[in-house]
Amino acid sequence: MDDIDPLSCYRALLARDRRFDGVFFTCVRTTGIYCRPICPARPPKLENCRFVATASAAQEAGFRACLRCRPDAAPESPAWRGTSTTVARALRMISDGALDDGSVSKLAGRLGVGERHLRRLFVDHLGASPLTVALTRRILLAKQLVHDSDLSMIEIAAASGFSSLRRFNETFRDQFGRPPSALRQRAARSKGGPQLTILLPYRVPYDWDAMLAFLKTRAIPCVEQVESGVYSRTFEVDGQRGLIYVADEPDICALKARIQVGDLSMVTRIVARLKRLFDTDSDPQAINHVLGQDDLLAPLVERRPGLRLPGAWDGFELGVRAILGQQISVAAASSLAGRLAQVYGVPLAAPVDGLNRYFPSTERLAGLDIENAGFPRARAKAVVEFARAIDSDTALLDGGVPFSEAIARLKAVYGIGVWTSDYIAMRALKESNAFPRGDAALARIARGAGLQGGNKDLEQRSETWRPWRAYGVMHLWTADMEARRDAIAA
């Protein structure tokens with residue numbers, strides 16, 4: 001990308017301004033190293049600097065990651081989202097492992113574009129090829145695991161997506177000029193086996209309390225819970241089951257995720273899901289700049305500048321819960337989802353802290369008759385039809401389908417209307433511009449703000465919030481939840 005102002009970047013570099021961490025990277029021509037803006041090393045001269053938007057662009061240009069500031073620990077650049085929806089969808093699929101075993105040609109086919117066109121889009125928007133982006137993700141995750149875990153090198157190679165230890169060692173030497181063992185800090189291996197802890201860096205501010213409050217009220221009993229500032233849940237991905245625990249580490253501007261899974265090759269996909277769930281890659285300054293210009297949102301943005309858009313661990317799970325929650329309270333929806341998991345979910349061999357079920361898969365629910373199991377008949381039928389639809393159209397919720405097309409396909413499923421499809425798009429597809437039309441809470445908020453047309457008037461007003469309408473909705477929902485809680489307490 002060539003639209004970066006070198007002088008502005010250099011000033012941010014001299015100030016070691018944390019607000020720009022992840023916004024750009026500094027490539028130093030005299031050393032062949034690229035750094036974060038907050039690197040503690042002596043700053044280079046301006047004429048020796050080249051500024052790029054992504055770590056992949058730096059590696060594509062032949063620069064190696066700095067061992068002091070650790071670019072692997074930087075929040076991902078806003079440029080990862082690109083200015084192209086095709087690039088954004090491709091990045092999501094790459095983070096889910098599309099290029100671990102597949103080719104760029106197959107990725108392009110899933111996106112409905114030609115391979116040459118996809119390569120050109122990546123160079124235009126990210127300054128690097130799809131393969132370089134995939135390799136950068138793998139090598140930076142590997143570097144983080146070398147520093148922060150007690151996994152063996154074989155385990156790290158598997159966890160970061162390398163097909164062999166030899167390939168891992170060769171790539172590490174190419175990128176850092178030394179073997180991975182040279183970077184490892186000696187630490188005793190825990191008696192209980194490998195401890196896999198991953199840091200998920202974010203840009204400050206990050207409103208962890210608001211994130212947990214939102215997830216706690218919607219948590220599915222026996223599958224997920226929020227206790228003592230920690231989010232925990234069971235999970236099943238491609239037949240592999242495990243547990244995750246996530247807590248905030250504000251001193252290092254990162255969430256700390258502890259992952260328990262038998263197959264370490266799943267780690268890259270697990271990390272990608274966690275980033276979407278907790279919205280760690282968003283840029284609060286850019287979002288707040290747009291939303292703060294609306295008189296209705298300005299005081300809410302000022303009150304909670306670090307508010308994020310909660311995503312979903314699994315799009316199918318979220319969709320089922322949304323269907324069950326139609327026209328009932330949030331608490332009642334969670335209770336129904338918990339009962340569904342208890343009846344049809346696979347039990348844990350050893351329950352942990354109230355977690356005792358894995359959420360049932362599409363295959364399991366698609367083949368069951370749950371209408372006579374005590375669930376509301378219409379919603380039970382809708383859950384089964386939704387499971388069948390996703391089971392036969394796996395691409396619908398993987399980010400590879402354009403937003404408008406995904407909405408249309410979702411609305412074609414029995415029992416999924418406008419609100420449900422918009423809500424799924426907002427959280428499961430991470431569509432930042434989604435607006436849940438027909439939402440009862442938004443209608444009440446709108447009338448309270450003097451918009452007599454309710455939800456329709458608010459939707460029209462939200463046009464000025466683009467491309468962050470979903471974040472505006474989150475501010476309204478959060479403020480409404482707090483107001484109702486305070487009213488009950490009074």
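For (1) open to solvent by less than 60 Å² (accessible area, probe 1.4 Å); (2) part of a loop (DSSP other than H, G, I, E, B), each residue gets a yes or a no:
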residue: Thr420; (1), (2): yes, no
residue: Lys430; (1), (2): yes, yes
residue: Ala441; (1), (2): yes, no
residue: Arg447; (1), (2): no, no
residue: Glu459; (1), (2): yes, no
residue: Glu463; (1), (2): no, no
residue: Ala487; (1), (2): no, no
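If the condition is being under 23 Å from Ser282 (Cα atoms) and either open to solvent by 70 Å² or more (accessible area, probe 1.4 Å) or touching a Gly at 6+ places or on another chain (Cβ under 8 Å) (or both), then the range 465-485 contributes Trp465, Arg466.
Within the range 378-401, the set of residues being touching an Asp or Glu at 6+ places or on another chain (Cβ under 8 Å) and not in a helix (DSSP H, G or I) comprises Asp398, Gly399. Of the residues making up the range 250-266, those that are in contact with a strand residue (DSSP E or B) (Cβ under 9 Å, 6 or more places away or on another chain) and open to solvent by 60 Å² or more (accessible area, probe 1.4 Å) number 5. Here the condition is being out of contact with any Lys or Arg (no Cβ under 7 Å at 6 or more places or on another chain), among the aliphatic types (A, V, I, L, M) and within 18 Å of Leu318 (Cβ to Cβ); of Ala408, Ala387, Ala378, it holds for Ala387 alone.
Taking only the range 326-354 into account, find how many residues are at negative phi, part of a loop (DSSP other than H, G, I, E, B) and free of Cβ contacts under 8 Å to residues at least 12 places away in the same chain. The total comes to 2.
Of the residues making up the range 281-295, those that are touching a residue at least 24 places away in the same chain (Cβ under 8 Å) and either surrounded by fewer than 20 Cβ atoms within 10 Å (Cβ to Cβ) or among the small types (Gly, Ala, Ser) (or both) are Ser282, Asp283, Gln285, Ala286, Val290, Gln293, Asp294. Among the residues of the range 402-418, which ones are in a helix (DSSP H, G or I), among the small types (Gly, Ala, Ser) and surrounded by fewer than 13 Cβ atoms within 10 Å (Cβ to Cβ)? Those that are in a helix (DSSP H, G or I), among the small types (Gly, Ala, Ser) and surrounded by fewer than 13 Cβ atoms within 10 Å (Cβ to Cβ): Ser404, Ala408. Residue-level check: of (1) open to solvent by 60 Å² or more (accessible area, probe 1.4 Å); (2) over 24 Å from the mean Cα position of the chain (by Cα), Asp391 misses just (2).
So is Gly399 at pLDDT below 90 and buried (at least 21 other Cβ atoms within 10 Å of the Cβ) or not? Break it down into steps so the answer makes sense when it comes.
On the way: at pLDDT below 90: yes; buried (at least 21 other Cβ atoms within 10 Å of the Cβ): yes.
Yes.
Residues that are in a helix (DSSP H, G or I) and touching an Asp or Glu at 6+ places or on another chain (Cβ under 7 Å) were ranked within the range 122-140; the one that is farthest from Thr268 (Cα to Cα) is Thr132.
Search the range 181-215 for residues being within 15 Å of Gly306 (Cβ to Cβ) and of a type in the set (D, E, K, R), and hand back the single one that is modelled with the lowest pLDDT. Selected residue: Arg203.
The values are calculated or read from the model by the stated rules, or taken from the named source; none is laboratory data. Owing to the predicted nature of the structure, the values given are computational and were not obtained by experimental measurement. Heads up, the Cβs are rebuilt from the backbone with ideal geometry, glycines too, and the neighbour counts pull from every protein chain shown. To get the accessible areas, we keep the full protein, side chains included, count just its heavy atoms, and leave off ligands, DNA and RNA. Shrake-Rupley method; radii C 1.70, N 1.55, O 1.52, S 1.80 Å.
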